[in-house]
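Undergrad: Quick one: structure below, then a few questions.
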Amino acid sequence: MGNRTVVLKRKTKETDIKLTLDMDAKGVEIDTPVAFFNHMLTAMAFHGGFALKVKADGDVDVDPHHLVEDIGLVLGDALAKSAEKAGVVKRYGYSIIPMDEAVSEAVIDICGRPSMVLNAEFPQAYSGTFDMALIREFLIALSNRAQIALHCTCRYGQNSHHMAEALFKALGKAIAQSYAAADSDQVLSTKGLI
């Protein structure tokens, strides 16, 4: 494990999550009972080029909502800790990714002021059994805990799976850019402090 490796656990009455993140390594292992979400997290980390390991379970018999949201919380915490370990990060990240007929983009500012905007009109409400509305819940949790401004747009598409997958790939690349160690010790803010 590298010097930016972050290992976090979260256990509640609803979910049990262990997550390992290393922005300076590669490798993806995602194991949750929500197959479509596993696919999205795998695409995000693989195309972002960072190491992500998630082992999680939860009350998905009730609804995958708790598990998807809580993984967003833990990943957000891990990103915040990764930025602390880096000292100074590049702060901004942007990516636009096509997938077949769909194009999606993700933009990040590690600013310490959490906000999340998702512009997406998924033509199918579900991909398999996965409720596409849960993507918003994951992104809100992620941005709140990472303390970032996160703007995500599915520009167009006819297939919800393609639109979401393009979005998660773009998110991975934007995360990799913004959380990369900066070239100098100067904080990227005219205020001198984020």
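The values are calculated or read from the model by the stated rules, or taken from the named source; none is laboratory data. Bear in mind that the values here come from a model prediction, so they are computed numbers and not experimental data. Virtual Cβ from ideal backbone geometry, glycine too; neighbours counted across all protein chains shown.
Undergrad: Hey, could you check region 121-143 for residues that are among the small types (Gly, Ala, Ser) and buried (at least 19 other Cβ atoms within 10 Å of the Cβ) and say which is nearest to Glu165 (Cα to Cα)?
TA: Ser127
Yes/no per residue for (1) of a type in the set (A, V, I, L, M, F, W, C); (2) touching a Cys at 6+ places or on another chain (Cβ under 7 Å); (3) in a helix (DSSP H, G or I); (4) at pLDDT 95 or above:
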position: Arg155; (1), (2), (3), (4): no, no, no, yes
position: His162; (1), (2), (3), (4): no, no, yes, yes
position: Ala170; (1), (2), (3), (4): yes, no, yes, yes
position: Ile175; (1), (2), (3), (4): yes, no, yes, yes
position: Asp183; (1), (2), (3), (4): no, no, no, no
position: Leu188; (1), (2), (3), (4): yes, no, no, no
position: Lys191; (1), (2), (3), (4): no, no, no, no
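Undergrad: For Ile110, only one of the following conditions fails: (1) at pLDDT below 95; (2) over 24 Å from Ser160 (Cα atoms); (3) of a type in the set (Val, Ile, Thr). What is its number?
TA: Checking Ile110 against (1) at pLDDT below 95; (2) over 24 Å from Ser160 (Cα atoms); (3) of a type in the set (Val, Ile, Thr), the one that fails is (1).
Undergrad: Please go through (1) of a type outside the set (Phe, Trp, Tyr); (2) over 29 Å from Gly157 (Cα atoms); (3) in a helix (DSSP H, G or I) for Thr42 and return the number of the only condition it doesn't satisfy.
TA: So the condition that Thr42 fails would be (2).
Undergrad: Could I ask something else about it? Could you run through region 99-120 and say how many residues are surrounded by 15 or more Cβ atoms within 10 Å (Cβ to Cβ) and more than 17 Å from Phe138 (Cα to Cα)?
TA: Going through region 99-120 one residue at a time, the tally reaches 6.
Undergrad: Next up: Would you confirm, using the coordinates I've provided, whether Lys81 is among the charged types (D, E, K, R), in contact with a strand residue (DSSP E or B) (Cβ under 8 Å, 6 or more places away or on another chain) and either closer than 17 Å to Ala141 by Cα or assigned to a helix (DSSP H, G or I) (or both)?
TA: In short, yes.
Undergrad: Next question. Which number in (1) touching a strand residue (DSSP E or B) at 6+ places or on another chain (Cβ under 9 Å); (2) buried (at least 23 other Cβ atoms within 10 Å of the Cβ); (3) within 18 Å of Ala43 (Cα to Cα) marks the one condition that His161 misses?
TA: (2)
Undergrad: Quickly run through region 18-37 and pick out the residues that are out of contact with any Leu (no Cβ under 8 Å at 6 or more places or on another chain), within 23 Å of Met132 (Cα to Cα) and crowded, with 17+ Cβ neighbours inside 10 Å.
TA: Answer for region 18-37, where residues must be out of contact with any Leu (no Cβ under 8 Å at 6 or more places or on another chain), within 23 Å of Met132 (Cα to Cα) and crowded, with 17+ Cβ neighbours inside 10 Å: just Phe36.
Undergrad: Residue pairs, Cβ under 9 Å, 6 or more apart or interchain, first in region 57-83 and closer than 15 Å to Val7 by Cβ, second of a type in the set (Val, Ile, Thr) and assigned to a helix (DSSP H, G or I). List them.
TA: Note: pairs meeting the criteria are Leu79/Ile175.
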